[in-house]
Amino acid sequence: MSGYIGNKAVNLSTSGADISGTTNLDAVDIDGAVNMATTALVTGVLTTTAATVFNGGFAANDGSTITTNDNSDNLTLTSTDADASSGPNVKLYRNSSSPADNDFLGNIKFVGRNDNSQDVQYAEQEVYILDASDGTEDGLYNVNVMTAGTNLSYMQFKAGSGVVFNEDSNDIDFRVESNDTTHAFAVDGGNNCVQIGTSSTSNDTCARFGGSGSVFSFKMVNAYGGGTAIYAENTNNQAWIYSRFNTNNSQVGFIQVGTSSTAYSTSGSDKRLKKNFETWGESELSNFETLKPTKFNYNTEEDGTEKTKGFIAQDLVDAFPEAYPLDEQSDRYFFNPSGMVVYLMKAMQESSEKIKSLEARITALENA
């Protein structure tokens, strides 16, 4: 069947409608397919119950809603371009006649319902203009997430500040997993604590490092042969503990920094830390009589370098085991000065007793 709407020709059939030219329609209800080859201007409501094909582009001058009653995609953008350029593309354009700093460019909201039949915005992506000046434009991209009933900023990409997590200083944790570690790097927002390689945290610690087996908890590598690996500064001019060393929550040593000196305590000496006492009766003085002082170069040094004076661990480890511990990971012996001190003190005591005995004999001979 054919006819006219206004002065435009219209062909109607059971399969659809073919309208040539430009047609102004107040309200259209179409149950079949619609094929528009030129321009369609609908000033009222356009309802289609079948697919609508636009062979050209279309412009909507007001808000539009696409509704489905299943889990299929509401909107699909398809590009059939075969070149290497990007496509399909989505452009969110704020065409303002007076753009200014801090303008809210737009956002993407994720809204659902709660168990009280209320609409709730569970997450949101926001974009702002920080600086609208020509040549120095800056932007801000922000991600908000509903947390315990409050919309909180979790992450920002902010020009001039970089990537910022938890910009508003809320109790939000940050965590990075590795292949085998749940807390390769983490921040405990409530306790203000950084965790590296451990999930353990507390509010009395700024940073915690964890490790297991042969994995280093903390390792520093300097490829330049200079500089400072760890720098600690005391600004209140009072003595303070730079580092404490614990085993199973029991302190076994510490490094203390004073106003002009550093003291090292490498073992617990308090009686309350010890048990199973017995007298150390073995003589140690003779072990010092068999020492073999040696001059040598380390394997890492060039030939001709001035030699170091010292001893060889394998020559002394049986006599002074605490002074020459074996590092199982490297399978090398090292020197522990504090482990040698106890042997030196014991040897000095034996020497003192010998001296006293000799002095007594000399005195007896002189008085004879």
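Nothing in this text is a laboratory measurement; each read-out follows from the coordinates by a stated rule. Everything numeric in this text was worked out from a predicted model, so none of it was measured. All Cβ positions, glycine included, derive from the backbone under ideal geometry; neighbour counts span all protein chains shown.
Highest mean first, the peptides 78-86, 263-271 sorted by other C-beta atoms within 10 Å per residue fall in the order 263-271, 78-86. Separation of the alpha carbons by more than 30 angstrom is noted, of K271/K346; K274/K295; K275/K295; K307/K354, for K274/K295; K275/K295; K307/K354. Taking 21 Å as the straight-line reach from the Cα of K91, the lysines in range (excluding those fewer than 8 positions away in the same chain) are K109, K158. Across region 307-368, Cα pairs under 8 Å and at least six residues apart give a relative contact order of 21 percent. Close amide H contacts of Q195 (hydrogens built in the peptide plane, cut-off under 5 Å, sequence separation of 5 or more or a different chain): A186, V187, D188, R208. Taking a ≥ b ≥ c as the square roots of the eigenvalues of the Cα gyration tensor, region 92-172 is classed as oblate, since a/c reaches at least 1.5 and a/b does not exceed b/c. In a DSSP loop and with at most 15 other Cβ atoms within 10 Å, the GluC sites (Glu not before Pro) in region 231-309 are E233, E278, E282, E301, E302, E306.
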